[in-house]
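Here, each number is a calculation from the coordinates, and none is a lab measurement. Bear in mind that the values here come from a model prediction, so they are computed numbers and not experimental data. Please note: Cβ atoms are built from the backbone with ideal geometry, for glycine as well, and neighbour counts cover all protein chains shown.
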Amino acid sequence: MDLVASIQAGDVDAFEALYRQYSAKIYTLASRMAGSPEDGEDLLQEIFLQAYRKIGSFKGDSALGTWLYRLALNHCLDYVRSRRAKMNKLTETLDAETSFEPAARRDTPIARMDLERAVERLPEGCREAFVLHDVEGFDHKEVADLLGIAEGTSKSQVFKARLKLRGFLGKR
Amino acid sequence: MHPNEAALNEYADGSLGAAERAAVEQHLAACASCRQLVDDLRDILRATGDLEPLDAPVRAWPRLERAIRLEREHATQLTDEPPSSHAAATPGEAGSFRKYATWLAAAAALVLAAVVGMRYTPARPADVPATASAGSGAASAAGGVAVSIETELRQAEAHYENAIKGLEAIATTEQSELDPRTAATLQKNLAVIDQAISESRAAVRLEPASEPAQQSLIEGFKTKIGLLQDTVALINEMRKGNEAGAARIVSGLKQKGN
């Protein structure tokens, strides 16, 4: 019996095998989209629980990994949309422009952990566009469709994110 | 005249058309600051391309497994049917233990559900700029936001404390299942986290609107809940006789203790 059939038959060990294969990829996407490892962990839990519930409807039209990634992406997008709506409600009368103190200029190579932390600090909106375009590899049209924004907005958000990262990382 | 930042970004991306690319290159040959910007953007793109996947926390699978088992138990009860052969307990899970493990899983999952549903996201400084520069209307709105955030914080605090109480009850009752060294490590970690929570709470009392103090308190609660969830997961794995699962959790606990 293949992995999908075993999971559809309720085999938790088979589901664990699926989890072990894809958890890092999904957790990485969720943590970076949410901008927080803690929220990423909660999202990981919710995504796999949803996958377990929905695996019965998986017809094999795409690879299992593609199906799972799409489910994870949709869940992350729902999460950031709902969080943004909440935050907009709280700050609707306030200036949303982010201010930050640029770090002192450094010409050393960028350390991976420094970059991860800098991505977490990016403002909502430009962080999601940056993660989808520069990290996950979607083109601007796809990012625009996923986030429900114009293609030009996707470009400007990604550019804004890179410039902010430059400041956070002491590259100016 | 400098090219705009969008053009420099697209140049760094390699997505600029030939004519525009030539114009930017001509400018870069004579402009050190734009050259620096392009170099920096390329560094960032290179580093982004080199990012590696992050490892999910070790406790994530036991948490998920508990939630799945609980859901299956619930579904079985609803349909009032005997469990089918494929829904049988995994090897190592049998007899009276199964009933016990189900109770533990149910209790832990209830606490987990409460915490997962309660995502407290304090506003960042960027989202709530200084009222002095935002005008009087905005100042009043910011005041309202501060009150709202404090209220949310109090609700979150009560919620986390309830969750911690539930988990502590399970962990304390069942801690005799753990070997003394693991139990000592857990106690040491819990003492450190309690101290951090106590300090954060004092900081919030002094400055109720301080976002770093609020965040630090919430992080303390989350860390404590995570540790207690690990403890319950570990007890479950040991009762199931799943040495590999228990070893994974203990390894995570040790990392946190370092």
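Compared with the direct C-alpha span, the chain from B:Glu71 to B:Gln215 gains 48.6 nm at full extension, assuming 0.36 nm per residue.
To the nearest whole number, what is the average tally of beta carbon atoms from other chains within 10 Å of the beta carbons of peptide B:38-47? Could you put the intermediate results ahead of the total?
Numbers: counts 0, 2, 12, 6, 0, 7, 13, 2, 2, 9.
Mean shielding by partner chains, rounded to a whole number: 5.
Would you mind telling me which residue in A:Gly40, A:Gly125, A:Gly152 has the biggest mean-square fluctuation in a Gaussian network model of chain A, where springs connect alpha carbons within a distance under 10 angstrom? Largest GNM mean-square fluctuation: A:Gly152.
Can you pull the mean other chain C-beta count within 10 Å for peptide B:62-71?
Numbers: counts 0, 6, 13, 6, 0, 5, 9, 1, 0, 3.
Mean partner-chain Cβ count within 10 Å for B:62-71: 4.
Compute the long axis of helix A:12-34 from its Cα atoms, compare it with the longest principal axis of the Cα atoms of chain A, and write down the angle in degrees, 0 to 90, nearest 10. Taking Cα atoms only, the helix is inclined about 10 degrees.
For chain A, the longest principal axis of the alpha carbon atoms and the long axis of helix A:37-54 meet at an angle near 30°. Just to confirm the number: angle between the C-alpha axis of helix A:112-121 and the first principal axis of chain A, 0 to 90 degrees, nearest 10? Compared with the principal axis, the helix lies near 80 degrees.
Estimated purely from DSSP H runs of n ≥ 4, each contributing -39500 (n - 2.57), the mean residue ellipticity at 222 nm for chain A is -22000 deg cm²/dmol once divided by its residues.
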